[in-house]
Amino acid sequence: MRALAMTPIHLPPEEIARRQSRYDRLAPPGLRIELRDVGPDAPSALDTDGSVRDSERAVAAALAAADGDWDVAFPDCVLDPAVPDRVAIGPRPVHGLLKLSASHLAAKGERFGAVVRNHAIGAELRWRLSAYGITSNLVGVRVLDLPFEAIADTAAWNAALAEAVCDLAEQGATAVLNGCSAVDVVPADLPARVVDPTALALTVLMAEGEHA
């Protein structure tokens with residue numbers, strides 16, 4: 001299966017390379033992922049509701065115009081910008097990392113929480129989960145209040161993550177979605193397991209493709 005991943009924001013070449021390497025590591029056997037930058041018209045970070053909306057429009061346009069021989073596509077973002085049922089893309093299927101991963105947890109009956117970098121992302125993630133109809137499984141969303149640079153700083157992100165996971169576990173969460181598609185999760189002894197939404201979504205996507 002050939003998949004096209006589109007960044008939600010305009011990124012420098014070194015960050016594109018880091019994220020592509022991450023996809024190469026996470027992709028299950030039989031899945032090849034090509035990551036492309038959405039383009040300079042997109043925002044450089046998702047820090048406000050306005051930038052979230054601008055990202056959605058930019059991703060929709062980039063996916064609609066994307067050439068190449070690929071089978072499926074998905075935004076490189078846990079907010080699922082431009083995933084169908086909100087924005088029309090075209091004839092080829094477009095999946096959402098959040099929809100795939102959260103739906104899988106909900107289907108197993110798990111109560112889960114999520115952590116996000118800032119309040120704008122948190123608000124959109126809650127909206128998305130509500131639109132997908134799976135908020136009954138959601139314990140809560142915790143904001144880490146981290147700068148954009150923390151996405152590529154594994155140590156800083158995971159240090160902030162631990163306290164939020166403990167809080168969500170006290171509320172009944174058995175799993176916590178790490179609310180950024182481009183962060184590596186470091187194994188740790190925490191009261192709830194931390195779920196990498198990208199890794200889980202790719203596994204689900206490949207399984208669905210094999211049974212299609």
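The set of residues in region 136-156 being hydroxyl-bearing (Ser, Thr, Tyr) and either loosely packed, with under 13 Cβ neighbours inside 10 Å or at pLDDT 95 or above (or both) consists of 136 alone. Being part of a helix (DSSP H, G or I), open to solvent by 30 Å² or more (accessible area, probe 1.4 Å), over 23 Å from residue 148 (Cα atoms) and without any contact (Cβ under 8 Å) to a residue 24 or more places away in the chain is a description that does not apply to residue 17.
So which of 179, 109 ends up being in contact (Cβ under 8 Å) with a residue 24 or more places away in the chain and within 24 Å of residue 45 (Cα to Cα)? Result of the check over 179, 109: 179. Scanning region 182-210 for residues that are open to solvent by 10 Å² or more (accessible area, probe 1.4 Å), of a type in the set (A, V, I, L, M, F, W, C) and touching a residue at least 60 places away in the same chain (Cβ under 8 Å) turns up 195, 199, 200, 204, 206.
Residue 64 meets each of the listed conditions (1) closer than 24 Å to residue 206 by Cβ; (2) open to solvent by 60 Å² or more (accessible area, probe 1.4 Å); (3) outside any loop (DSSP other than H, G, I, E, B); (4) not polar (S, T, N, Q) apart from (1).
Within region 24-52, being without any contact (Cβ under 8 Å) to a residue 24 or more places away in the chain and open to solvent by less than 50 Å² (accessible area, probe 1.4 Å) holds for one residue alone: 50. Within region 120-160, the residues that satisfy the criterion of being basic (Lys, Arg) and over 23 Å from residue 19 (Cβ atoms) are 126, 142.
The values are calculated or read from the model by the stated rules, or taken from the named source; none is laboratory data. The shown structure was predicted, so the numbers you read here are calculated from the model rather than taken from an experiment. FYI the Cβ positions are ideal-geometry reconstructions off the backbone, even for glycines, and counts take in every protein chain you see. Accessible surface areas use protein heavy atoms only, side chains included; no ligands, DNA or RNA. Shrake-Rupley method; radii C 1.70, N 1.55, O 1.52, S 1.80 Å.
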